[in-house]
Amino acid sequence: MKLILSKIQLYILTILRVVIGWHFLYEGFDKLLSTDWSSANYLKTSQWIFAPVFQALAENSTIVIVIDLLNIAGLILIGLALILGLWTRLACFSGAGLLFLYYLSHPPMIGLNFGPSAEGNYLIINKDMIEIITLLALAWLPKSRLFGLDRFLKYAVKGKSQQKSKPIKTLFSDTIIPVNKKRRELIKGLLTIPFLGAFAAVLLKKHSWESMEEKNLMDAVSSASLKSFDFSSLDHLNGQIPKAKILSTNFSRLILGGNLIGGWAHARDLLYVSKLVKTYHHRDKVFETLLLAEKCGINTIVINPQLCGVIREYWRQHIGKIQFISDCAGDHLLEHVQSSIDSGAAACYIQGEKTDALVREGPIDLIGEALNLIRKNGLPAGIGAHYIETIRACVDHGLVADFWMKTLHHHQYWSAQSREELDNIYCRKPEETIAFMNELNQPWIAFKVLAAGAIKPEDGFRYAFNHGADFICVGMYDFQIVDDVNIALQVLNPAI
């Protein structure tokens, strides 16, 4: 039984095939003309049950190059075939297969909502799935029913084998038509070629108008692109940050600070900076930053208990495995400690300002209670401080930490010479700090090593590591991570 379609239905289905082909073709050319596009970004952030397969492919640069070439070639060839209506059935199946790979890499399942930026919100069904189903439906139709070169070729071949005076049947009904209408059928087979010309004109116009600034701010929104997440700087990474133990747990010697991610910024007189930081670090940007840090070998971040939920969400979505050290403070210190432990902290410590206050105002024994609670749950227990006098008081009181968190930086920056305010100087006695901390047997994590951005990393990292810090904790934006890791590697191993 033949499928009978009206002319309106034929035109609608033909346009549907052409617009999908247009989408494929533009995605292919956009990637081809881009100087920095790579599928590695997309593969590295794959989720769901096939994530290990896609992520493993991304780890091999040769395989990534092959995937990039196949992806670009596939998009362009499929797009051309769909617009022209040539080898339509093969193009439909190939397009559906390619989209299905995109879908498997980043399916819009419940809880898996981190990854490529999209122009909408999806749950199980997304743009890829809609196009897959549409292409399969188009593939089911006899390839020469719709307008396009398949139809033209069939009539052209059929015309050669028949007498000019012999009538023929149409492909969409059993009606006998005279041969003088055959030319009309051949013309219908060429109807979609102007779409290709229109596409070429629009593409050339777009790329001639697009400025370099716009190019840096824009990216395709296809399922195989990843907007505002650039792993390209990983190509300049000189190695992985080494790790060291605190008790039995390995921590990267460069630790990611949580202030910027949490929205806290020491910006001195620049009042807008905290709001800017909070706006920049939306949830996906936080996840991107954490994942990039992990790719560089940073396996730890220091956060406060309020941010534990963010890390747990990062774990729950199987994006990465970064561990966190919780800095516990607040009026209900023991509750914050327990909350951090319950949230999966790798270690806990009493936050510096809280320790300073307890030593200064009491009760100092609360520090010991917090240490005992942390150790009772099998975690390394630390003490933080901004003042070296606080560390001395803890030691004199008989408090022994598994690790210490202490500010450390020199005073060779301009604002340190102009005034003596806490928002300006975070380690008031660096020489005494270095001498006393090096007498302690426990590991030492130095923080505020850049004096909240007043000291260059090349200088601050070297000062901290060369003066005895076992680890340094540094707040970093995503675009700073690779450079900071390379600087730390150079300080730790000058031979690099």
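Coordinate-derived values only; no laboratory data. Bear in mind the structure is a predicted one, so any value in this text is a computation, not a measurement. Every residue, glycine as well, gets a Cβ built from its backbone with ideal geometry; the counts of neighbours run over all protein chains shown.
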Three-way shape label, the range 232-492, alpha-carbon gyration tensor, a/c 1.5: rounded
Phi-based couplings in Hz for the range 437-452 (Karplus 6.51, -1.76, 1.60; Gly and Pro marked x): 5, 6, 7, 7, 8, 8, x, 10, 9, 8, 10, 6, 6, 9, 6, 6
Share antiparallel - DSSP beta bridges, the range 232-492, percent rounded to 5: 15
Proxy reagent accessibility, fewest Cβ within 10 Å first, across Trp22, Trp315, Trp444: Trp315, Trp22, Trp444
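Rank the residues Met109, Met129, Met476 as a footprinting-exposure proxy: fewest other Cβ atoms within 10 Å of their Cβ go first. It would help to have the intermediate numbers written out before the result.
Values: Met109 13, Met129 17, Met476 24.
Ordered by Cβ neighbours within 10 Å, fewest first: Met109, Met129, Met476.
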